Amino acid sequence: MSKDNKALPTVDIKGKPYVLTQHRLLEFHRLYPNGSISTEIVSETEDSVVMITKVMPDAKVPERVFTGIASETKGSTFINKTSHYENCETSSRARALRGLGIGVEESCASAEEVANAMMQQNEQNTIDNLRKSIHKFVKLHIDSQSWIGIAVDLGVIDPEKYQQSLNKMFVGETTG
């Protein structure tokens, strides 16, 4: 890795420096004015795409090529709901440039890949916590069935208002 390469801007992700793909691309063009970068789709379905990027530092030496491959699934993350093609291309390029030694600091993963993995982990934690809360609420509702009937019979609970409150909770409205 060249001394100039160490000067690339980084972002801190979990205490480690990562070079964004945009900075890797700029550095490539600065260092290799006769180079080329090409990305192509290897496979795609309605929900996923796989891309490969080929980085050639010098067009006069076409056998010296560095590759990077990436795969993304539509909807697997918030970003991939609308931009899984773009995200895949960026990851593929970052991997190919890493092979050439551009943007390698302490890790081989791109900042986008690490951020994506962290976001997926956060999404899964949120889903798991939400699932636990829903299970607790359903258990509370089931457990309350025995005494709600008695409360309705005694006039403590208005069954119509109780049902409206439940409906509002399940569609995300407040009960007031």
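A few points about this structure:
Residues checked against (1) of a type outside the set (Lys, Arg); (2) closer than 28 Å to Ile13 by Cα; (3) modelled with pLDDT of 75 or more:
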position	(1), (2), (3)
Ser91	yes, yes, yes
Ile102	yes, yes, yes
Asp128	yes, yes, no
His141	yes, no, no
Ser146	yes, no, no
Glu160	yes, no, yes
Gln164	yes, no, yes
Gly172	yes, no, no
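- Within region 14-27, if we keep just the residues that are touching a helix residue (DSSP H, G or I) at 6+ places or on another chain (Cβ under 6 Å) and open to solvent by less than 30 Å² (accessible area, probe 1.4 Å), the residue that is farthest from Leu100 (Cα to Cα) turns out to be Tyr18.
- Of the listed requirements (1) modelled with pLDDT under 90; (2) of a type outside the set (A, V, I, L, M, F, W, C); (3) outside any helix (DSSP H, G or I), Gln22 misses just one: (3).
- Meets criteria (at negative phi and either surrounded by 14 or more Cβ atoms within 10 Å (Cβ to Cβ) or of a type in the set (Gly, Ala, Ser) (or both)) for Pro62: no
The values are calculated or read from the model by the stated rules, or taken from the named source; none is laboratory data. Since we're looking at a predicted model, the values are computed, not measured. Positions of Cβ are backbone-derived with ideal geometry, glycine not excepted, and every protein chain shown enters the neighbour counts. To get the accessible areas, we keep the full protein, side chains included, count just its heavy atoms, and leave off ligands, DNA and RNA. Shrake-Rupley method; radii C 1.70, N 1.55, O 1.52, S 1.80 Å.
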